Each structure stands twice: as structure tokens, then as C-alpha cells.
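Have a look at the structure below, then the notes.
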Amino acid sequence: MSPLWDWDYAWSILPDLLRALVVTIQITLLGSLVALVLGLVIAVLRRARIPVVDRVLWALVEFIRSTPLLVQVFFLFFVLPQFGIVLSAFVVGVIGLGVHYATYTSEVYRAGIDAVPRGQWEAATALSLSRSRTWTGVILPQAIPRVLPALGNYVISMFKEVPLLIGIGVVEVVNEAREIASETFRPVEPYTIAGLLFLLLSYPASMLVRRLERRRAAV
Amino acid sequence: MFDNLPRIVSVLLEGLPETVIATVGGIALTIALSFGGGLALLSGTRAVRLLARVYVEAFRGTSEVVQLFWIYFVLPVLIGFQLVPLWAGVLVLGLNHGAYGAEIVRGAVQSVPKAQYEGAIALSLSPAQRMRRVILPQAVVEMLPPFNNLFIQLLKSTAILSFITVPEVTRQGVQVLVPNFGSDIVLIFVVMLLIYLVLAVLITAVMRLLERLAATKVGRRPSSVARERVDDLGGVAAGGGGAS
């Protein structure tokens, strides 16, 4: 019987796994971009309290938050082509992940916006700043730094959710590990290395966020 | 368009027992590991604290899908026998969410005012009595709202069990229905998503009830609105690296 852990084999599969890790990181970053921008748009829109729009947005956010990301990704993957929109699995993954997490980041932004004192709004009105100047010059510069740690945590969560995209055939780390394992019939090394790669990136990242959190709390 | 609706609903509902078993089993294991892990994180013994810390960071630091594949494909090589897919799934759901839950329990226990400890000591309660009769009943009130979020997260995670051939709702939809009812694809997904939505609403309803019960038990009135705000700022709501 071969040993449980074969170092030569582990080294030989590492380059392929690292290449797949790059895909995971790309999807994380692009998905985060979607989540951070769309979340902000939702939060600002909801703050405007436009009667019907507000209810619709609320229902949509709750619905997306309460149902599995995997099912939503499958939905995009199978349904969009029916309307003539054919996207690669990579792009579907970015959109799915981004929209799902936008519902979380929108709540984070909302909490941050609510935490800006009323007086700031009143002062902006008193200075007769336009609506857009009030948002970009007064409210958001105070609201966003406050919620950066929470947003950072969601980016880390997204990173760990990328392997869901196995379902639609995106070749990220875990999918690569699965392919290697099924070719060589040696599952121990590829899956263990895949897990360690996640730990290696997400643990320092969450340490960083925790430090940021503590610094914010100290101010 | 709705001709196939009864057929679609019945095929999806065939997966419901698996989804519910995975959710309920996962929640039970999560609760056990959360309290075990959370109290271990606060233990006076260094080795116990360290062990709990390793467990929490290992499971919060890696992807749930990796954990699932590791337990389903790697563990059998190490221990010599294959786990039933559904139970492998329950194990992963519990281990993963238990790690997040441990931080919730730790945080809630630490948030109980120090005077409560001192009062319990003054009444010469033993450490076990102190925890069980004074600290935990108050901590539980704080824990319930974040646990609600965690359990919904767990429900959503049950969909990944489709990767290891558990015939739950998602697998029924994607493997059985999509290839056979291609023209009703929107309908299939709407019904599928609604099933999850109903389950999530059920979890929230039960948790709200428990919140009220736990709050009245320690003579408090629940103020869940105020607490949800705090969650959002802390990022506890997601399965994220949040709950610290």
C-alpha cells in the first residue's frame, strides 16, 4: 500500500492547484466589486423611500438572502440562455456571487448610513447642498469607513463560497482538486492542499479585518 | 405553461425530506458544537482553549465545499469506511456552522455583565451552577437572533449536498427536472426557490417564538429590531468571517 501522504505527488499537483486558485481569486475580486457597488446602490435607493420601489427592493433582498446561492447560480446558468443571453460559467459565477452578496452588503451600508447623526443631514440641508453632494460629500465619507470591517468579512465569505461554482463547471481550486483526484485515484493530497490554500489566504485576511475592527473601535 | 406544475412540485417535494433532515440534523449538531466550542473557548485551561480555537479557525477558514469533499472522499481513505452521503452532509453542516456558533456563544457569555458573576459568587453557587442558572439563561437571549441567521445560512448550505449525490431539493430540480422539463425551466426554479423561502420563514418564526420565551424567562422584553442593527454592523448575519 502506498503511504497516506506522498510528498512527490503533492508537489507535482501544486502548480495546477495554484493556477486554479488564481481563478478563485479573480472571481472573488470581480464578485466583490459587483457586491460592493450594487449593495451601495440598493442601500441609497432604499434610503430614498420611494413608495413602490422600496417594497419591491425589500422583498427582493429578503428573497435572495433566504434562498441558496447555489440554486440562484443554477437559475442564472439555465434560464438566461432561454432569453438569448449566453454567458460563460465564469461570468455567471461573478454575477451570481455578486448579486447574492449585494443583498448582505446593502444591509451593512444601511446600518452605516443610519449611524450617521441626524445633524449631519440637517447641516447639509442648511448649507443647501444638492442631494448628490450631500451623499458623496457628507454622508458616505462618514458611513463607509465605519462599515469597512463588516464589508471585508463579506469579501472573505465570498472567497469561501466560490467552490459552489463547481455546480456549473467553473474550474476553481476545488474543482481542479476533484479532477486530479478522479484521474489519479488519490484524493488525500489534492483536497487537503485545496483546504490549506483556503486557510492560508482567509485566515490572515480575517486577522487583518479584526485588526481594522479594533482600530475603528478605539477611535 | 403551468401544465407540468403538479409534476414539478411533486418531484421537488420528494427531495424535501432529505433537505429537512439535513437542516434539522445540522442544526442539532451545530447547537451541540456551538455550546461545547463556545464554552471551551472560555475555559480556564489553556490546552482546551487552544483546541477549541484550532477547531473554530480551521472550519471558519476553509470553504464548506472543501470540507464536504474532504469528509466524503478523503476521510474514508483514512478511516477505512464510507459515510452515507446524507450523514456526511449533516456532519459537515454541523461542524462548519458549529464553528461560527461557538463564537456566538462565546460573545454572548462574555456580554453578560460582570456583576452577575460576582452576584453568583457571593451566593456561593458552584461554577457549574453559576453558568447554568445565572449566566447562560441571560446569554441565550443574546444568542438567539444571531443563531437565527446562522440556521438560515445552514438551510441554504444544504444545497451543496447535491454535490455528493444526496437527493435533496436542489438535486431533484437540477438532475431530475431540468433535463426532462427543459421548457419549464423558470417554473422549476421559482418553485425550488419558494420551497427554500418557506423553510427559511419557518425557521425565523420558531426562533422569534424562542426569543420571546427566553426573554420573558429572564424578565426582559425582546428588542429584536435594535439587535438586528448590531448584527449588520458586526457582519454576523453572513456565514462570513464575521462573528467575532
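Numerical summary
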quantity	calculated
Any hit, segment B:54-67, residues being in a helix (DSSP H, G or I) and away from chain A (no Cβ under 14 Å)	no
Some residue of segment A:163-172 being among the acidic types (D, E) and assigned to a helix (DSSP H, G or I)	no
Segment B:161-184, subset among the β-branched types (V, I, T), open to solvent by less than 10 Å² (accessible area, probe 1.4 Å) and out of contact with any Ser or Thr (no Cβ under 6 Å at 6 or more places or on another chain), residue farthest from the other protein chains (Cβ to nearest Cβ)	B:V166
Near pairs, Cβ below 8 angstrom, 6+ apart or cross-chain, from segment A:200-218 (under 17 Å from A:P145 (Cα atoms)) to any residue that is open to solvent by 80 Å² or more (accessible area, probe 1.4 Å) and part of a helix (DSSP H, G or I)	A:R216/A:R146
Odd one out for A:R46 among (1) touching a residue at least 24 places away in the same chain (Cβ under 8 Å); (2) under 26 Å from B:A159 (Cα atoms)	(2)
B:S43 vs. criteria over 25 Å from B:M207 (Cβ atoms), assigned to a helix (DSSP H, G or I), of a type in the set (S, T, N, Q) and without any contact (Cβ under 8 Å) to a residue 24 or more places away in the chain	no
Test: B:G38 is open to solvent by less than 10 Å² (accessible area, probe 1.4 Å) and closer than 28 Å to B:R171 by Cβ	no
Those residues of segment A:53-67 which are more than 20 Å from B:A200 (Cβ to Cβ) and either within 14 Å of another protein chain (Cβ to nearest Cβ) or at pLDDT 95 or above (or both), in sequence order	none
Any hit, segment B:121-136, residues being under 18 Å from the mean Cα position of the chain (by Cα), open to solvent by 10 Å² or more (accessible area, probe 1.4 Å) and in contact (Cβ under 8 Å) with a residue 12 or more places away in the chain	no
Selection count where residues are open to solvent by less than 40 Å² (accessible area, probe 1.4 Å), within 14 Å of another protein chain (Cβ to nearest Cβ) and under 14 Å from A:L45 (Cβ atoms), scope segment A:101-141	7
Only one of A:L151, A:L201 that is surrounded by fewer than 21 Cβ atoms within 10 Å (Cβ to Cβ), assigned to a helix (DSSP H, G or I) and within 21 Å of the chain's Cα centre (by Cα)	A:L201
From A:L4, A:L70, A:L33, residue being more than 23 Å from B:L161 (Cα to Cα), aliphatic (A, V, I, L, M), out of contact with any strand residue (DSSP E or B) (no Cβ under 8 Å at 6 or more places or on another chain) and within 12 Å of chain B (Cβ to nearest Cβ)	A:L4
Single match in A:F63, A:F78, A:F74 (criterion: of a type in the set (F, W, Y), touching a residue at least 60 places away in the same chain (Cβ under 8 Å) and either in a helix (DSSP H, G or I) or open to solvent by 10 Å² or more (accessible area, probe 1.4 Å) (or both))	A:F74
Selection count where residues are open to solvent by 30 Å² or more (accessible area, probe 1.4 Å) and in a helix (DSSP H, G or I), scope segment B:74-106	9
Scope segment A:43-60; condition closer than 21 Å to B:V201 by Cβ and surrounded by fewer than 17 Cβ atoms within 10 Å (Cβ to Cβ); matching residues	A:D54, A:R55, A:V56, A:W58, A:A59, A:L60
Scan of segment B:107-120 for residues that are surrounded by 13 or more Cβ atoms within 10 Å (Cβ to Cβ) and part of a loop (DSSP other than H, G, I, E, B), ordered by number	B:V112
Search result, residues across segment A:170-192 that are more than 21 Å from A:M158 (Cβ to Cβ), open to solvent by 20 Å² or more (accessible area, probe 1.4 Å) and more than 8 Å from chain B (Cβ to nearest Cβ)	A:E179, A:S182, A:E183, A:T184, A:F185, A:R186
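The values are calculated or read from the model by the stated rules, or taken from the named source; none is laboratory data. Note that this is a predicted model, so its numbers are computed, not measured. So basically every Cβ, Gly included, is an ideal-geometry build from the backbone, and we count neighbours across all protein chains shown. The accessibility values were calculated without ligands, DNA or RNA, using every heavy atom of the protein model including side chains. Shrake-Rupley method; radii C 1.70, N 1.55, O 1.52, S 1.80 Å.
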